[in-house]
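The values are calculated or read from the model by the stated rules, or taken from the named source; none is laboratory data. As the structure is a computational prediction, the values presented were derived from the model and not from experiment. Here the Cβ positions follow ideal geometry from the backbone for every residue, glycine too, while neighbour counts run over all protein chains shown. Only protein heavy atoms, including side chains, enter the accessible area calculation; ligands, DNA and RNA are left aside. Shrake-Rupley method; radii C 1.70, N 1.55, O 1.52, S 1.80 Å.
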Protein chains: 4
Amino acid sequence: MAGNTFGVLFKIITFGESHGKSIGVVIDGVPSGLFIDEDFIQHELNRRKPGQSAITSQRKEDDVFEIISGVYNQKATGAPITVLIQNKDDKPSDYDHLKDTFRPSHADYTYSVKYPHRDHRGGGRASARETASRVFAGAIAKMILNPLQITITAYVSQVGDIALNTDYRDLNLLEAENNIVRCPDVAIAEKMIDRIKEIKKDGDTIGGVITCIIKGVPAGWGEPVFDKIQADLSKAMMSINAAKGFAYGSGFDSVLMKGSEHNDVFINKDNKITTITNHSGGIQGGITNGEDIYFKVAFKPIATIMQKQQTANDKGETIELMGKGRHDPCVVPRAVPIVEAMAAIVMTDHYLRFRSMDFSTE
Amino acid sequence: MAGNTFGVLFKIITFGESHGKSIGVVIDGVPSGLFIDEDFIQHELNRRKPGQSAITSQRKEDDVFEIISGVYNQKATGAPITVLIQNKDDKPSDYDHLKDTFRPSHADYTYSVKYPHRDHRGGGRASARETASRVFAGAIAKMILNPLQITITAYVSQVGDIALNTDYRDLNLLEAENNIVRCPDVAIAEKMIDRIKEIKKDGDTIGGVITCIIKGVPAGWGEPVFDKIQADLSKAMMSINAAKGFAYGSGFDSVLMKGSEHNDVFINKDNKITTITNHSGGIQGGITNGEDIYFKVAFKPIATIMQKQQTANDKGETIELMGKGRHDPCVVPRAVPIVEAMAAIVMTDHYLRFRSMDFSTE
Amino acid sequence: MAGNTFGVLFKIITFGESHGKSIGVVIDGVPSGLFIDEDFIQHELNRRKPGQSAITSQRKEDDVFEIISGVYNQKATGAPITVLIQNKDDKPSDYDHLKDTFRPSHADYTYSVKYPHRDHRGGGRASARETASRVFAGAIAKMILNPLQITITAYVSQVGDIALNTDYRDLNLLEAENNIVRCPDVAIAEKMIDRIKEIKKDGDTIGGVITCIIKGVPAGWGEPVFDKIQADLSKAMMSINAAKGFAYGSGFDSVLMKGSEHNDVFINKDNKITTITNHSGGIQGGITNGEDIYFKVAFKPIATIMQKQQTANDKGETIELMGKGRHDPCVVPRAVPIVEAMAAIVMTDHYLRFRSMDFSTE
Amino acid sequence: MAGNTFGVLFKIITFGESHGKSIGVVIDGVPSGLFIDEDFIQHELNRRKPGQSAITSQRKEDDVFEIISGVYNQKATGAPITVLIQNKDDKPSDYDHLKDTFRPSHADYTYSVKYPHRDHRGGGRASARETASRVFAGAIAKMILNPLQITITAYVSQVGDIALNTDYRDLNLLEAENNIVRCPDVAIAEKMIDRIKEIKKDGDTIGGVITCIIKGVPAGWGEPVFDKIQADLSKAMMSINAAKGFAYGSGFDSVLMKGSEHNDVFINKDNKITTITNHSGGIQGGITNGEDIYFKVAFKPIATIMQKQQTANDKGETIELMGKGRHDPCVVPRAVPIVEAMAAIVMTDHYLRFRSMDFSTE
């Protein structure tokens, strides 16, 4: 029930299966009067779409969207915004052999247990195609945050064992969009691209890490004690297909540190309280402190491989399976805009929640 | 607003500040007729309370609880269960010097921005004392899961750089409760204890990792696409004070693996579909697959240290601060029952959600 | 924000404006495997659509629907069901004169205050056209309740001062659908029809009352203390356009009764606890008791009249307004399926909520 | 599940049974810095408490409250406010005879079906004692609305067939608190009091109506399409024990009117859009229009009568029951502050919801 909804005041519900008529999302909580920049939305969708480069799935999905409601004369009315994104490239017969087969590490088995009747084609509702809806909603969220000078930038920081260890403050983040793996360090990007091509040649897949930076959020957003910013970001990220881990600020590395090293000392800089270091990742007690928010998300190697695998079918028989179709050898290049979108959705929700209780200007 | 509530059908709201009259929790969604074992609840609270060993805070809090509603003749009535846990050890004057001071990496500053009027004593609402309420609610949740043969066991798997790398399947998890650091490997436990004592002597603190294993959950729990089991577990864990990272199944290590290595092959074992490996951590497509669920949570070094630190006050002046009071040198030994409690709360909520849509027995 | 969502476990979000591309609804919480009878859905939509008789609006809206997601091979998959209902009869230029005019007793003024930018055409989001989405969702809900032998039947019990005072138990409720005003007493139906035609001739409108009967609900549904069945039914009904009052069981008449007359005495009938009278309307303490649930809803005369009216525009100038278009002289004949739909949605939600906590068969 | 929570941003959860240790409420969403006037709270609780006059129950409940959390130095901190109201007058043995008896028109039977284990004493959770928690929360809500010049005033407008038909605009509403029945027309109040005394002498009970006026709400509050102000008010009122009907503005009387009579014409008065009449009851399209909001609530005669009644017990045997204890002959005098409290809670919730999306001052 109701697991398809996310957010409290900026609320989205996504719908649609990968091989149904279309997928889409309804967004409730968009301020009336917001200019809806369709070019920007398309730009964001294009960053996620398959077929965009040599290291992504070669499927052709143009992700053309149609806004059905909530926008009039290019501006939001305050009513729910609904969008449809057509499923163009569907050859349902491609999936007949999967009707009663449980692909390893896919959701086929769990869905078949949970749902007596399911749409098995291309993963149905479990397909990563659903994330296009999130990117649309994220684009709307970014338009709300943009006038506040809040920017959200994600990039690929690891593919397999090729890691970019440079501190994000020493990187030109804009560089990430200039290469197909979306890593802001050109030299490392090339290595990552080579690794992915290699893996692809073997019909195999590989995992990766995405780092995300949110700049410009003022102090005071977030709600104790369960709806801490990091808790909501974490849920948002872990709801993305193939995500296996989340860490913010100093993350797992904090374990190795002493309190005396880890503590972020407050100083007064130009009449503004700030911290010298930022191991806290911009969040203290679940509430933003005005510093950069940063976190990373680990993604597993995609389950669909172009190799023979053993598995079971719904009769419990052992069978052999051979991956078909056009799939990604590594999820992270296309997951960058998804991570950004979910981050934007969380921050916009907390922005509205903050507004409801902010009496500071009265 | 409303950030103090957690859960959909098994719903808790915690309340209370560390130095107010008492803290507590209201739990809505407890099945009528459930036997409430007060001894077990006290046992769980004792696992969390300070003063329990040489490596925890020496504060004396007995965490005596009083059930106010929802229980009649030792059984749940189905009405909300409310509990109060008295704050016994309050010396508010201890905190006068913190009234206008922003302790490094604490919530003092962010709370002061968010809340024009706040209770600064001992962290107030931001204090880890709030987690006693979670442990109470987790004890109720465990009583609901127990008849289903579901067990939830957490243990300390890392303190600083001392890590227990043995697979949990090769450990006797029950051993964890036999030592004060709660690590099931006795030799490593001793090293951890020594490290914590050493750190304590320096007036410093250190981080750690907790691993949690959930056994016995049948296939089919969890809700696509946002309320995936791992997403809800992640939010639950990241809402705990000092948590910095979450990873389930193969977690961040999955990044280094190829799909062909990582995929969990389905086999038929005694007429039950199972997997040979379990990199999926018992969850596929956000839904349980009947295998063990396991995850880990990283905790930073606690911010309160017994050393001199520079910081700023609310006038923006640089001041020097010296930690006072009796604090934990490492959070993980006492966080073990908190991790278990939050896991139990998430699983119980999903159990009730599963029930609402499970027509398999009709 | 988020006011477009209704329900806890059977959750709907409606979207769309009267003169946008289409309206629609997403329904989360439909059991997988449910057969989706499209003929029945169309039948329900036809009961609501304009142009169906001489006493309704003569607008032509065929309310053809297209299911976008959640249904595969004619059965629900358990994923969100999304439907689009095209807006066919839109002549937006018809509404140019209303762009800056506040029609009396319409939502033009309040929307213009709340939303800096709005879609003024035909009421936009405030239009009763939105109720087609509710009727669709109600049809799905009825399909869930149907196998439980639960029936929901509404009828027109008053138009202006022409009231049907016969107890519903003495009526053949099925008769209601045999005449265009939907009143099960043929003689009174004719009087009502005449009255509406008369009113229409004057270019005026008139109010009415709808009575609704829910049969077959077992004892035990409903949640104390806020989510009482009558509270949720009341909210559902009062959210319908033009609804002004709600009363269940003995309703406002109970005020005139003494407790000794009003109390429903329990008796044992064929080994089942039942009540002799049913002033309680099938609900006691907010929970169903197994007797018929019945309630009534008052509807005001529709605001759009074909007469000259004075009003103000957005500059605060007094202007004269003349109703245009094809509107209903009385809302109740077409509101009958809407009342049934909202009742079905409420009862289905409580059915799922009941299931989550019902351990009686274990 | 979770039926004990009310509100979105101003959220309350009530708990406790009539004969448990205490009842209470947690309120999440109180602005930090709000002065908490305990005298005012006590004043409100006293208006509801039994034993206050010759025409209410003679039970002695002082309704002394103790704030447990969320208030520091007499001001709200922004954390959840929790209160306990002790149950002082409990003689549980008074209720032994009711353990297995289903009192007519009480919740005994429905609770016994829903909850395998229940607290039968004095109605347990179903007791109207729960409404003291609502009055507490309502007092907090009034303190939030008060600086906005919003006032909420309810009064008794009918007892049995004795009705006050004067328009509320022609009454001195403050007069209501000057007599024990809370009717602002002194002559009619006396008749009502006599009627209640008479009924009480017979050991019987009688119903009544409460009218409530909300003044000072600006235009623009309320959320289309389900969370209309009237829908949320209606749910709030219908969740009160013994409430049987709700109507706002012209209510059920609107049925008799023509559109040309009913429409509220907009005029420009002192550069403010206002309406000449107010049949809309201050709400159009679910959103406030700046005029007075008014509504009425019908209450049935209380089920507990001091007369012999036949009923059934849990074995299905017919038994005879004689009311015991000290009960109200008519609920409405004490329900006046409850109606006000629920109205204040709804309006405060919508105030915060409005704030989150109000960009008009930016």
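Worth pointing out:
- Considering only residues in the stretch A:30-76 that are aromatic (F, W, Y) and closer than 23 Å to A:E340 by Cα, the one that is least open to solvent (accessible area, probe 1.4 Å) turns out to be A:F65.
- Odd one out for D:A187, checked against (1) touching a residue at least 24 places away in the same chain (Cβ under 8 Å); (2) more than 20 Å from the chain's Cα centre (by Cα): (1)
- Evaluation of B:P104 against the conditions (1) touching a residue at least 12 places away in the same chain (Cβ under 8 Å); (2) surrounded by fewer than 22 Cβ atoms within 10 Å (Cβ to Cβ); (3) within 14 Å of chain A (Cβ to nearest Cβ) shows that the sole unmet condition is (2).
- Per the conditions (1) in contact with a Ser or Thr (Cβ under 8 Å, 6 or more places away or on another chain); (2) surrounded by 21 or more Cβ atoms within 10 Å (Cβ to Cβ); (3) among the β-branched types (V, I, T), the sole criterion not satisfied by B:I267 is (2).
- The criterion of being outside any loop (DSSP other than H, G, I, E, B), of a type in the set (A, V, I, L, M, F, W, C) and under 22 Å from the mean Cα position of the chain (by Cα) does not hold for C:I68.
- Of everything in the stretch B:312-321 that is assigned to a strand (DSSP E or B) and touching a helix residue (DSSP H, G or I) at 6+ places or on another chain (Cβ under 9 Å), the residue that is most open to solvent (accessible area, probe 1.4 Å) is B:L321.
- Filtered by the rule that a residue be within 18 Å of B:I36 (Cα to Cα) and away from every other protein chain (no Cβ under 12 Å), the stretch B:139-162 gives B:A139, B:I140, B:A141, B:K142, B:M143, B:L145, B:N146, B:Q149, B:I150, B:T151.
- Residues being in a strand (DSSP E or B), of a type outside the set (F, W, Y) and either open to solvent by 30 Å² or more (accessible area, probe 1.4 Å) or under 18 Å from D:A126 (Cα atoms) (or both) - total across the stretch D:296-311: 3
- Among the residues of the stretch C:1-26, those identified as within 14 Å of chain D (Cβ to nearest Cβ) and either of a type in the set (A, V, I, L, M) or open to solvent by 30 Å² or more (accessible area, probe 1.4 Å) (or both) are C:M1, C:A2, C:V8, C:L9, C:K11, C:I12, C:I13, C:I23, C:V25, C:V26.
- Of the residues making up the stretch D:293-308, just one is farther than 21 Å from D:G245 by Cα, of a type outside the set (K, R) and more than 7 Å from every other protein chain (Cβ to nearest Cβ), namely D:M306.
- Residue within the stretch D:250-258 that is assigned to a helix (DSSP H, G or I) and of a type in the set (A, V, I, L, M) present: yes
Residue-by-condition table, conditions (1) part of a loop (DSSP other than H, G, I, E, B); (2) within 12 Å of the chain's Cα centre (by Cα); (3) of a type in the set (S, T, N, Q):
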| site | (1), (2), (3) |
| --- | --- |
| B:E223 | yes, no, no |
| B:F226 | yes, no, no |
| B:Q230 | no, no, yes |
| B:G245 | no, no, no |
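- Yes/no for A:F136 being away from chain B (no Cβ under 14 Å), open to solvent by less than 10 Å² (accessible area, probe 1.4 Å) and among the aromatic types (F, W, Y): yes
- Residue within the stretch A:281-292 that is surrounded by 22 or more Cβ atoms within 10 Å (Cβ to Cβ), part of a loop (DSSP other than H, G, I, E, B), among the polar types (S, T, N, Q) and within 9 Å of chain B (Cβ to nearest Cβ) present: yes
- Any hit, the stretch D:271-278, residues being touching a Lys or Arg at 6+ places or on another chain (Cβ under 7 Å) and buried (at least 24 other Cβ atoms within 10 Å of the Cβ): no
- Residue match in the stretch A:341-348 (condition: facing another protein chain (nearest Cβ under 9 Å), buried (at least 24 other Cβ atoms within 10 Å of the Cβ), over 30 Å from A:G203 (Cα atoms) and not aliphatic (A, V, I, L, M)): no
- Taking helices (runs of 4 or more DSSP H) as the structural unit, those lying wholly within the stretch C:104-215 and holding at least 1 residues that are closer than 30 Å to A:V71 by Cβ and of a type in the set (F, W, Y) correspond to C:108-114, C:131-145.
- Residue ID - least open to solvent (accessible area, probe 1.4 Å), chosen from residues in the stretch A:110-133 that are at the interface with another protein chain (Cβ under 8 Å from one of its Cβ atoms) and without any contact (Cβ under 8 Å) to a residue 40 or more places away in the chain: A:T110
- Residue check for D:G33: facing chain B (nearest Cβ under 8 Å), over 20 Å from D:T5 (Cα atoms) and part of a loop (DSSP other than H, G, I, E, B): yes
- Here B:I338 meets each of (1) more than 10 Å from every other protein chain (Cβ to nearest Cβ); (2) touching an Asp or Glu at 6+ places or on another chain (Cβ under 7 Å); (3) assigned to a helix (DSSP H, G or I) with one exception, condition (2).
- Index of the failed condition, A:G325 passing every other in (1) in a loop (DSSP other than H, G, I, E, B); (2) within 9 Å of chain B (Cβ to nearest Cβ): (2)
- Counting the residues of the stretch A:254-279 that are of a type in the set (D, E, K, R) and at pLDDT below 95 gives 3.
- Qualifying positions in the stretch D:203-233 - at the interface with another protein chain (Cβ under 8 Å from one of its Cβ atoms) and within 20 Å of D:A54 (Cα to Cα): D:D204, D:T205, D:I206, D:G207, D:G208, D:V209
- Hits in the stretch D:206-236 (condition: without any contact (Cβ under 8 Å) to a residue 40 or more places away in the chain and open to solvent by 10 Å² or more (accessible area, probe 1.4 Å)): D:K235
- Count of the stretch D:322-340 residues which are open to solvent by 50 Å² or more (accessible area, probe 1.4 Å) and either among the aromatic types (F, W, Y) or touching a strand residue (DSSP E or B) at 6+ places or on another chain (Cβ under 8 Å) (or both): 1
- Scan of the stretch B:234-276 for residues that are of a type in the set (A, V, I, L, M) and more than 7 Å from every other protein chain (Cβ to nearest Cβ), ordered by number: B:A236, B:M237, B:I240, B:A242, B:A243, B:I276
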